[in-house]
1. Please state which one of GLU20, GLU34, GLU13 is farther than 24 Å from PRO102 by Cβ, touching a residue at least 60 places away in the same chain (Cβ under 8 Å) and surrounded by fewer than 19 Cβ atoms within 10 Å (Cβ to Cβ).
2. Quick one: which of VAL83, VAL63 is over 16 Å from LEU282 (Cβ atoms) and in contact with a helix residue (DSSP H, G or I) (Cβ under 8 Å, 6 or more places away or on another chain)?
3. Which of the residues belonging to region 164-181 are assigned to a helix (DSSP H, G or I) and touching a residue at least 40 places away in the same chain (Cβ under 8 Å)?
4. Restricting to region 241-256, name every residue that is surrounded by 15 or more Cβ atoms within 10 Å (Cβ to Cβ) and either farther than 13 Å from VAL211 by Cα or of a type in the set (Gly, Ala, Ser) (or both).
5. Among the residues of region 37-52, which ones are surrounded by 20 or more Cβ atoms within 10 Å (Cβ to Cβ) and among the aliphatic types (A, V, I, L, M)?
6. Name the residue that is nearest to TRP181 (Cα to Cα), counting only residues in region 53-68 that are more than 19 Å from the chain's Cα centre (by Cα) and buried (at least 23 other Cβ atoms within 10 Å of the Cβ).
7. Look through ASN78, ASN71 and report the one residue that is within 30 Å of ALA218 (Cα to Cα), out of contact with any helix residue (DSSP H, G or I) (no Cβ under 7 Å at 6 or more places or on another chain) and surrounded by fewer than 21 Cβ atoms within 10 Å (Cβ to Cβ).
Amino acid sequence: MLIKSVKDLELQEFTTCFNEAFSDYVIPFHVSSEYLADKFAGAGVNYQMSFGAFDQEKLVAFVMHGIGDRNGESTAFNTGTGVVPLYRGRRLVEQIYRHALPILKEAHIQKCLLEVIQTNDKAIKAYTAIGFQIHRELACFKGRIDVTLPDDHRHTFITMVRLEEFDWTSVHSYWNFEPSWEQSVHAILRNPHLYDVVTIREENKICGYAVIKSANGAVVQFGILREERNQGFGRSLFHWMGERHSIITVNNVDKRDTNSIRFLQSVGLDVYIEQYEMEKDLS
């Protein structure tokens with residue numbers, strides 16, 4: 001078994017391994033090379049800093065790293081870990097990390113970050129053995145929007161705007177919690193063709209916004225200005241999106257943000273996955 005960078009691997013070959021690795025996952029799914037190309041572009045994947053286990057040149061396990069800045073620290077985010085079923089039980093993920101960590105540290109990476117489904121006990125045990133610790137809990141929501149707006153709801157103007165026309169510098173003023181890696185502003189702007197920005201205005205003031213994946217109704221960011229909350233702007237915004245997408249998902253809501261959780265439940269969404277965000281300090 002050889003562990004090395006995946007920098008020379010063809011995307012189609014990687015896609016084959018990815019689909020085999022996730023064929024019996026908690027949520028089984030099958031993806032295309034195009035999907036993975038977008039996913040890795042959004043996460044800022046560095047193929048030189050991503051690693052795999054190879055059995056006679058065949059990829060059988062992998063850890064893919066997006067590299068970027070998070071809260072002032074150079075960070076490697078694990079955007080995908082997988083092991084082909086036949087090769088499980090050999091601690092390949094642990095071996096890959098043992099190989100990768102010194103290389104990441106030499107490249108001045110200060111922190112490793114990942115997300116793992118809370119029911120995936122084996123993965124959590126493996127990551128803990130490597131030195132990862134739980135940083136925060138994240139809840140993922142899905143459902144049909146069920147909002148009835150009152151006849152006298154305030155007149156607002158909801159519209160889609162181009163990503164490059166939206167003021168990303170002030171977006172923090174709408175947030176209750178910091179978006180996770182793949183829901184960050186950086187991730188959105190790396191794949192502008194995938195997303196729409198929806199704004200809700202009153203008297204020419206943007207009171208709230210959402211970023212939604214146009215193909216499937218995944219809301220990757222949303223927020224209402226603090227001084228404009230509890231006035232129906234959020235409900236109007238989700239009502240608008242719910243009329244255009246039969247199913248809405250909102251992933252990786254910080255579980256400490258009970259206000260956002262209550263709001264999402266109030267518009268018809270239910271938790272379908274809970275995750276841990278885990279960190280390992282390399283500095």
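1. GLU20
2. Step by step, each of VAL83, VAL63 is checked, and only VAL83 is over 16 Å from LEU282 (Cβ atoms) and in contact with a helix residue (DSSP H, G or I) (Cβ under 8 Å, 6 or more places away or on another chain).
3. Filtering region 164-181 down to residues assigned to a helix (DSSP H, G or I) leaves 164-165, 168-174, 181.
Answer for region 164-181, where residues must be assigned to a helix (DSSP H, G or I) and touching a residue at least 40 places away in the same chain (Cβ under 8 Å): VAL171, SER173, TYR174, TRP181.
4. Restricting attention to region 241-256, the residues satisfying the condition of being surrounded by 15 or more Cβ atoms within 10 Å (Cβ to Cβ) are 241-242, 245, 248-255.
Matches in region 241-256: GLY242, HIS245, ASN252, VAL253, ASP254, LYS255.
5. Correct list: ALA43, VAL45, MET49.
6. That would be ALA61.
7. ASN71
The rows are residues; the columns are (1) small (Gly, Ala, Ser); (2) crowded, with 20+ Cβ neighbours inside 10 Å; (3) outside the structural domain of ARG244 (by TED's automatic domain parsing); (4) outside any helix (DSSP H, G or I).
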{"site": "GLN95", "(1), (2), (3), (4)": "no, no, yes, no"}
{"site": "ARG98", "(1), (2), (3), (4)": "no, no, yes, no"}
{"site": "ILE109", "(1), (2), (3), (4)": "no, yes, yes, yes"}
{"site": "LEU113", "(1), (2), (3), (4)": "no, yes, yes, yes"}
{"site": "THR119", "(1), (2), (3), (4)": "no, no, yes, yes"}
{"site": "ILE124", "(1), (2), (3), (4)": "no, no, yes, no"}
{"site": "ASP146", "(1), (2), (3), (4)": "no, no, no, yes"}
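The values are calculated or read from the model by the stated rules, or taken from the named source; none is laboratory data. Owing to the predicted nature of the structure, the values given are computational and were not obtained by experimental measurement. So basically every Cβ, Gly included, is an ideal-geometry build from the backbone, and we count neighbours across all protein chains shown.
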